[in-house]
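Step one of this worksheet: look at the structure below.
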Ligand code: MN
C-alpha cells in the first residue's frame, strides 16, 4: 500500500524471556478500582459496574524512558497500575472463561494531568486531555500469565525519589481481572494487543522535573520513569 506520508510505527512492549515484541492495539483504563483511591479523589466505588476511559496507543512509553514534563498542566500525577495484556479475542465472554484470553501482565503508569481532569469532571466534559496525551501510558516488560500465577497476594507499590507513595495488594482491586475483561467485552470486541490498565491504589500525587519514579509489582519486571524538563 502507498501512503501520502510515513505512517506511525506500531507501538510494542517487551515480553520477558522472548525476542518478539507484543504489538499494542488499544489501551483501556479502569477508573476507581481501589476503594481507598476512590475516596481520596472525593468519590466512591460504583459497585454496579466498572467504568473506563481510553488512551491512544501513541501514548505508550516504555519503562526506562525520560519524558518531558507535559504541556498545559501544573499538576502532573503518577498512578501506578497493574496492566493486563490480552492475547486472544473476547466478546461477551463469561467471567469463568476470561482468564483464558490473558496473554500476560505488566507494571504500568497512568500518568495524568490532574488539574485538567479535575476541570473536565467539574464541567462534565470528557477526560481526554487529562488522560490521553503523549507519554501518558508507561509500560514495563510483559510477563506471561502462566509465569505469574494467580492474581491477588502480590504487592503493588510506587516510590518517587525512593520515598514510598503508593502501596497496596492486587487483592485490593474492587473488580478482578476476570470481571473487568468480562464486563469490558460486553462493550467492545476485545482482541490481542489490547491493554487494560486496572486502576490505581491510594497515594497518587504530583511529580516535578528531575523526579525518578520506581514502580513494582511482585512477580513482574520493575518500571522506571524519569521526569525531564518542561516542554
Ligand atoms: Mn488510572
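See the values below:
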item	result
Pick from segment 71-89, criterion surrounded by 17 or more Cβ atoms within 10 Å (Cβ to Cβ) and away from the ligand (no atom under 16 Å from the Cβ), ranking: nearest to residue 201 (Cα to Cα)	85
Looking only at segment 52-66, and only at residues there that are crowded, with 19+ Cβ neighbours inside 10 Å and assigned to a strand (DSSP E or B), the one that is nearest to the ligand (Cβ to nearest atom)	55
Long-range neighbours under 7 Å by Cβ, at least six apart or interchain, first residue over 16 Å from residue 69 (Cα atoms) and free of Cβ contacts under 8 Å to residues at least 40 places away in the same chain within segment 113-135, second within 14 Å of the ligand (Cβ to nearest atom) and not in a helix (DSSP H, G or I)	117/127; 120/127
Meets criteria (away from the ligand (no atom under 16 Å from the Cβ), touching a strand residue (DSSP E or B) at 6+ places or on another chain (Cβ under 7 Å) and either within 22 Å of residue 43 (Cβ to Cβ) or modelled with pLDDT of 95 or more (or both)) for residue 203	no
Unique match (being part of a loop (DSSP other than H, G, I, E, B), touching a helix residue (DSSP H, G or I) at 6+ places or on another chain (Cβ under 9 Å) and crowded, with 20+ Cβ neighbours inside 10 Å) among 219, 199	199
Checklist (1) surrounded by 15 or more Cβ atoms within 10 Å (Cβ to Cβ); (2) at pLDDT below 95 applied to residue 106, failing item	(2)
Residue match in segment 33-48 (condition: touching a strand residue (DSSP E or B) at 6+ places or on another chain (Cβ under 8 Å), more than 28 Å from residue 14 (Cβ to Cβ) and in contact (Cβ under 8 Å) with a residue 60 or more places away in the chain)	yes
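Here's the yes/no breakdown for (1) within 15 Å of the ligand (Cβ to nearest atom); (2) farther than 18 Å from residue 142 by Cα:
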position	(1), (2)
12	no, no
26	no, no
29	yes, no
50	yes, yes
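Per-residue answers, yes or no, for (1) crowded, with 18+ Cβ neighbours inside 10 Å; (2) within 16 Å of the ligand (Cβ to nearest atom); (3) modelled with pLDDT under 95; (4) over 18 Å from residue 35 (Cβ atoms):
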| position | (1), (2), (3), (4) |
| --- | --- |
| 168 | yes, yes, no, no |
| 185 | yes, no, no, yes |
| 192 | no, no, no, yes |
| 210 | no, no, no, yes |
| 223 | yes, yes, no, yes |
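The values are calculated or read from the model by the stated rules, or taken from the named source; none is laboratory data. Small disclaimer: the values here were computed from a predicted structure and weren't measured. Using ideal geometry, Cβ is built from the backbone for each residue, glycine included, and neighbour counts are taken over all protein chains shown.
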